[in-house]
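**Q** Here you go, one structure.
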Amino acid sequence: MIRLAKYLKPFIVLILIAIVLLFIQANCDLALPDYLSRIVNVGIQQGGVESALPGAIRQSKLNKLTLFMSADNKAKVMGVYALVDENSPDYVKHLKDYPALAQEPIHVLKANDQAKVGQLNPVMGKAFLAVSGIEQMMADPSKAAEMGLPQLPPGMDVFALLGQLPAAQLAQMTAAMDKQFAAMSDSTIVQAAAAPVKAEYAALGMDTAKLQNDAIFHIGSLMLLVSLLSVVCTVAVSFLSARTAAGLARDLRRFVFTKVEGFSNTEFDQFSTASLITRSTNDITQIQMVVIMMVRMVFYAPIIGVGGIIRAMGKGSSMWWIIALAVGVLISLIIVVYNVAVPKFKLIQKLTDRLNLVARENLSGMMVIRAFNRQAFEENRFDKANRDLTNTMLFISRVMVIMMPTMMFIMNGLSLLIIWVGAHQVAQSSMQVGDMMAFLQYTMQIVFSFLMLSMMFIILPRAQVSAERIADVLETEPMIRDPQAPKRFGEPFKGVIEFRDVSFHYPDAEEDVLCNISFSARPGQTTAFIGATGSGKSTIVNLIPRFYEVTGGAILIDGTDIREVTQHDLRDKIGYVPQKSILFSGTIKSNLSYADAGGNVSEDTLKQSADIAQVTEFISAQPEGLASEISQGGANVSGGQKQRLAIARALVKQAPIYIFDDSFSSLDFKTDAALRRALKALAGSSTLLIVTQRISTIKNADQIIVLDEGRLAGKGTHHELMESCQAYREIALSQLSKEELA
């Protein structure tokens, strides 16, 4: 994937926006367990009391509470409260909220910063618990006996006595009280103090039921808003990831197609057609899928995982070992699955190529298969390729199937373990119920983050293989390239072709297939190439449009080396008919006008080219004439008709050089003769190069080049070669009688 990273540059902005949205979504998702914890702890267990510092407190009550505080803490507590009595300017306002103000002054909490309130929470909580305990013993003397304390005399005011004690003795009592509360966490102290705080609110005349309902509604509303924000972020990220992946896939398909368009035959020998099709479709689809998942999960999962660990530690630091155990098991599972699955993913793409190759060969060679009654053999061959791919896919599917139950088993086991350990800590007052529930949810989020990463580790190797295959195509440098400072052909262009000691060998081949070939082909003349099969005839003419590059010598056109001009300028001068005629889906007219990008070919030019190619009668016989449809590859026309249409297409170009690579093999002798006569008239201004196996086709050529195992065996006219070239004479006598050759 790293090799294709540069193609993501146009989508950087979309990816960055998606990351920001994922960060927001992750924080929203991480906040939900905390809100649930607050609903349980504050809304239900604490009756809506969130802090041990009440919003208002009676003066008499505050005086009792400060007895159990150090001088420093007492000063801090008094600093966060403001005294309100009948002389205060906001007396009427506070009287409405706190009816007890009519009987005695109260202290109202100032709008101080939350950090200061948070520091004083456990201080006030401990004081409330101490005062509450003493008040219970004063109200019911038997409570003292239950706690192992001496029974208080009836009507005794303990707080009055405590107020008369020396400061040093009160400080000792406060220190002893702090020691008793040392085993309790701050949150547990606040939760325990909620009942006396709520009782104080009731003493102030407040509606405590409304207080609880308001707290639950407020926290629940925030939870709902956070959930909605998470949903919006999820939808937005899904849209951005899909847009990024689809755009990348579109660009990769375009880049691959453009790259392949620039390949020479050498590169096509390196990549098979079936493999290139697989790379352009299946491989790019794999990358598209993984990009969606990467944008959606790779950034989200670490945020959730790390954030979940941090927040879980805040809820229950004593249970850190449970998270460590879970993470260790999950990482071990991912490593095992990764090592098992990766080799199989690499194999899948090769097997897909193999399946495409077999299917392509069967579809292309269907008539040959039927002619030799090899249907059963081909079915078995396809079945083997299909089964190999299926078995590999099933193996990977089984691995993935095992992953999910294993993950669920780990999650359920963790849930039981957390509830078991957490229940003991709740019983020991070292953890609140809501915190235990939040810790459980955070642990599940951590497990899910690893589950998402494990899915990525399973899918990423296959995408990595696909990315490597696509990168191999995109990074392949064509052997045939345009010069940095190209020349241009002189004007007027004549079309004189000269081979100077040309040699050629295929890449990695040990021997040349063409050796020291030298000849000239001039306009107005027909130069023909003949020789035994494999002698290099087609290779010679394929060197002229630079489908292959010469490895020795030079090819010149009008005195200019063809390697010194651009491929576009070179091929613009050539009308080419390949050995295997190819037609494109469309109409007859669109095929004949293929060389004209603007579609401005005149009807006269089309008619003249069709007449020369002997295809006018076929076109006229069609119901729609030139508008008649041609199916893919020209499957709805015969081989001879396909060849004639391909010849007409080259002639429409009106090029100064024409190359016919064995383009008359499917024509009958009558059509062949008529076409050659018409071409002879055309040769008055163009250079004609004809590759053929038929002596009758080139008998009247101005120059015949005879090839034998890549070497020049003879050069001259028909009559000259019959006298001087043994190889030509053998070919000629094998096809025609001496009388026909005379």
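The values are calculated or read from the model by the stated rules, or taken from the named source; none is laboratory data. Keep in mind the model is a prediction, meaning the values are calculated, not measured. Methodologically, a virtual Cβ is constructed for each residue, glycine included, from the backbone with ideal geometry; neighbour enumeration extends over all protein chains shown. Just the protein is used for accessible areas: all its heavy atoms, side chains included, with ligands, DNA and RNA removed. Shrake-Rupley method; radii C 1.70, N 1.55, O 1.52, S 1.80 Å.
**Q** Yes or no: VAL256 over 30 Å from ILE15 (Cβ atoms), in contact with a helix residue (DSSP H, G or I) (Cβ under 7 Å, 6 or more places away or on another chain) and either crowded, with 18+ Cβ neighbours inside 10 Å or among the acidic types (Asp, Glu) (or both)?
**A** So VAL256 fails the test.
**Q** Is it the case, given these coordinates, that LYS143 is modelled with pLDDT of 70 or more and open to solvent by 30 Å² or more (accessible area, probe 1.4 Å)?
**A** Details: modelled with pLDDT of 70 or more: no; open to solvent by 30 Å² or more (accessible area, probe 1.4 Å): yes.
No.
**Q** Based on this model, can you work out whether ASP283 counts as in a helix (DSSP H, G or I) and in contact with a Lys or Arg (Cβ under 7 Å, 6 or more places away or on another chain)? Step through it out loud before you land on a result.
**A** Numbers: in a helix (DSSP H, G or I): yes; in contact with a Lys or Arg (Cβ under 7 Å, 6 or more places away or on another chain): yes.
Answer is yes for this residue.
**Q** Would you please name the residue that is nearest to ILE287 (Cα to Cα), looking only at residues in the stretch 1-55 that are in a loop (DSSP other than H, G, I, E, B) and open to solvent by 20 Å² or more (accessible area, probe 1.4 Å)? Before the answer, list the steps.
**A** Taking the stretch 1-55 as the starting set, the residues that turn out to be in a loop (DSSP other than H, G, I, E, B) are 1, 46-55.
Narrowing the set further to residues that are open to solvent by 20 Å² or more (accessible area, probe 1.4 Å) leaves 1, 50-51, 55.
Numbers: MET1: 8, GLU50: 51, SER51: 53, GLY55: 59 Å.
It comes out as MET1.
**Q** I would also like to ask the following. Only residues that are open to solvent by less than 10 Å² (accessible area, probe 1.4 Å) and farther than 19 Å from PHE271 by Cα: list them for the stretch 462-472, please. Even if it seems obvious, please write down each step before you answer.
**A** Our first condition is that a residue be open to solvent by less than 10 Å² (accessible area, probe 1.4 Å); within the stretch 462-472, this holds for 463, 466-467, 470-471.
ALA463, the sole residue that qualifies.
**Q** Pick out the one residue from LYS346, LYS350 that is open to solvent by 90 Å² or more (accessible area, probe 1.4 Å) and in contact (Cβ under 8 Å) with a residue 60 or more places away in the chain.
**A** Details: LYS350 fails: in contact (Cβ under 8 Å) with a residue 60 or more places away in the chain.
It is LYS346.
Conditions (1) open to solvent by less than 20 Å² (accessible area, probe 1.4 Å); (2) at negative phi; (3) touching a residue at least 40 places away in the same chain (Cβ under 8 Å); (4) assigned to a strand (DSSP E or B), marked per residue:
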{"position": "ASP596", "(1), (2), (3), (4)": "no, yes, yes, no"}
{"position": "GLN614", "(1), (2), (3), (4)": "no, no, yes, no"}
{"position": "ASP672", "(1), (2), (3), (4)": "yes, yes, no, no"}
{"position": "THR697", "(1), (2), (3), (4)": "yes, yes, yes, no"}
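**Q** Mind listing whichever residues of the stretch 632-657 are small (Gly, Ala, Ser), modelled with pLDDT under 85 and assigned to a loop (DSSP other than H, G, I, E, B)?
**A** In the first step, residues of the stretch 632-657 are kept if they are small (Gly, Ala, Ser); the result is 633-635, 638-640, 646, 648, 650, 655.
Now restrict to residues that are modelled with pLDDT under 85: 633-635, 638-640.
Once the filter is applied, which keeps residues that are small (Gly, Ala, Ser), modelled with pLDDT under 85 and assigned to a loop (DSSP other than H, G, I, E, B), the stretch 632-657 yields ALA635, SER638.
**Q** Then there is this: Just to be sure I understand, how many residues within the stretch 483-512 are assigned to a loop (DSSP other than H, G, I, E, B), out of contact with any Asp or Glu (no Cβ under 9 Å at 6 or more places or on another chain) and surrounded by 14 or more Cβ atoms within 10 Å (Cβ to Cβ)?
**A** Selection size over the stretch 483-512: 1.
**Q** Which condition does ASN87 not pass, out of (1) open to solvent by 70 Å² or more (accessible area, probe 1.4 Å); (2) under 15 Å from LEU53 (Cβ atoms); (3) polar (S, T, N, Q), if it passes all the others?
**A** If we test ASN87 against (1) open to solvent by 70 Å² or more (accessible area, probe 1.4 Å); (2) under 15 Å from LEU53 (Cβ atoms); (3) polar (S, T, N, Q), just (2) comes out false.
**Q** List pairs: first residue in the stretch 721-742 and on the phi > 0 side of the Ramachandran plot, second residue open to solvent by less than 40 Å² (accessible area, probe 1.4 Å) anywhere in the structure, Cβ distance under 8 angstrom, at least six positions apart or on different chains.
**A** Partner pairs satisfying both residue conditions: none exist.
**Q** Does the stretch 549-560 include one or more residues that are open to solvent by 30 Å² or more (accessible area, probe 1.4 Å) and without any contact (Cβ under 8 Å) to a residue 60 or more places away in the chain?
**A** We begin by selecting, within the stretch 549-560, every residue open to solvent by 30 Å² or more (accessible area, probe 1.4 Å); these are 549, 551, 553, 558-559.
Checking which are without any contact (Cβ under 8 Å) to a residue 60 or more places away in the chain leaves us with 551, 553.
Yes.
**Q** Looking only at residues that are farther than 18 Å from ILE310 by Cβ and not in a helix (DSSP H, G or I) in the stretch 394-444, which one is most open to solvent (accessible area, probe 1.4 Å)?
**A** Result: GLN428.
**Q** For residues that are touching a Gly at 6+ places or on another chain (Cβ under 7 Å) and of a type in the set (D, E, K, R), scanning just the stretch 630-663, find the one that is nearest to LYS494 (Cα to Cα).
**A** By that ranking, first place goes to LYS653.
**Q** Using beta carbons and a limit of 7 Å, which pairs, at least six apart or on different chains, have the first residue in the stretch 374-386 and farther than 11 Å from ASN362 by Cβ and the second one surrounded by fewer than 14 Cβ atoms within 10 Å (Cβ to Cβ)?
**A** Listed by first residue and then by second, the contacts come to nothing, as the list is empty.
**Q** Among the residues that make up the stretch 568-584, is at least one of them under 20 Å from ILE480 (Cβ atoms) and at pLDDT below 85?
**A** Yes; the residues of the stretch 568-584 include at least one that is under 20 Å from ILE480 (Cβ atoms) and at pLDDT below 85.
**Q** Name the single residue that is farthest from ILE322 (Cα to Cα) among those in the stretch 371-393 being in a helix (DSSP H, G or I), among the hydrophobic types (A, V, I, L, M, F, W, C) and more than 29 Å from the chain's Cα centre (by Cα). Walk me through it before giving the result.
**A** Keep residues of the stretch 371-393 that are in a helix (DSSP H, G or I), which gives 371, 375-393.
If we keep only those that are among the hydrophobic types (A, V, I, L, M, F, W, C) as well, we get 371, 376-377, 382, 385, 389, 393.
When the remaining residues are screened for being more than 29 Å from the chain's Cα centre (by Cα), the result is 371, 376-377, 382.
Working: ALA371: 70, ALA376: 60, PHE377: 60, PHE382: 52 Å.
Of everything passing the filter in the stretch 371-393, ALA371 is farthest from ILE322 (Cα to Cα).
**Q** So, one more: I'd like to check something: does the stretch 189-199 contain any residue that is at pLDDT 80 or above, open to solvent by less than 40 Å² (accessible area, probe 1.4 Å) and not in a helix (DSSP H, G or I)?
**A** Checked the stretch 189-199: no residue is at pLDDT 80 or above, open to solvent by less than 40 Å² (accessible area, probe 1.4 Å) and not in a helix (DSSP H, G or I).
**Q** When the stretch 699-732 is examined, which residues are found to be touching a His at 6+ places or on another chain (Cβ under 8 Å), part of a loop (DSSP other than H, G, I, E, B) and either among the aliphatic types (A, V, I, L, M) or open to solvent by less than 30 Å² (accessible area, probe 1.4 Å) (or both)?
**A** If the condition is that a residue be touching a His at 6+ places or on another chain (Cβ under 8 Å), part of a loop (DSSP other than H, G, I, E, B) and either among the aliphatic types (A, V, I, L, M) or open to solvent by less than 30 Å² (accessible area, probe 1.4 Å) (or both), then ALA701 is the only one that fits.
**Q** Would you say VAL368 is open to solvent by 30 Å² or more (accessible area, probe 1.4 Å) and over 24 Å from the mean Cα position of the chain (by Cα)? If you could, list the steps in order and put the result at the bottom.
**A** Working: open to solvent by 30 Å² or more (accessible area, probe 1.4 Å): yes; over 24 Å from the mean Cα position of the chain (by Cα): yes.
Yes; evaluated as a whole, the condition is true for this residue.
**Q** List the pairs whose first member sits in the stretch 286-310 and is closer than 24 Å to LEU248 by Cα, whose second member is of a type in the set (Lys, Arg) and open to solvent by 20 Å² or more (accessible area, probe 1.4 Å), and whose Cβ atoms are under 7 Å apart, counting only residues at least 6 apart or on separate chains?
**A** Once the first residue is closer than 24 Å to LEU248 by Cα and sits in the stretch 286-310, its partners that are of a type in the set (Lys, Arg) and open to solvent by 20 Å² or more (accessible area, probe 1.4 Å) give GLN286/ARG462.
**Q** Here's another thing I want to ask about it. What about LYS573, is it touching a residue at least 24 places away in the same chain (Cβ under 8 Å), within 19 Å of SER520 (Cα to Cα) and basic (Lys, Arg)?
**A** Details: touching a residue at least 24 places away in the same chain (Cβ under 8 Å): yes; within 19 Å of SER520 (Cα to Cα): yes; basic (Lys, Arg): yes.
Criteria met by LYS573.
**Q** Among the listed residues VAL447, VAL473, which satisfies the condition of being farther than 28 Å from ILE334 by Cα, outside any loop (DSSP other than H, G, I, E, B) and of a type in the set (Val, Ile, Thr)?
**A** Details: VAL447 fails: farther than 28 Å from ILE334 by Cα.
From the options VAL447, VAL473, the qualifying one is VAL473.
**Q** What are the residue pairs meeting all of these: first residue in the stretch 444-471, first residue charged (D, E, K, R), second residue assigned to a helix (DSSP H, G or I) and surrounded by fewer than 22 Cβ atoms within 10 Å (Cβ to Cβ), Cβ atoms under 6 Å, and 6 or more apart or on different chains?
**A** Note: pairs meeting the criteria are ARG462/PHE345.
**Q** A follow-up question, please. Taking the conditions exactly as written (open to solvent by less than 50 Å² (accessible area, probe 1.4 Å) and touching a residue at least 24 places away in the same chain (Cβ under 8 Å)), does ARG522 satisfy them or not? Reasoning before the result, please.
**A** Details: open to solvent by less than 50 Å² (accessible area, probe 1.4 Å): no; touching a residue at least 24 places away in the same chain (Cβ under 8 Å): yes.
So ARG522 fails the test.
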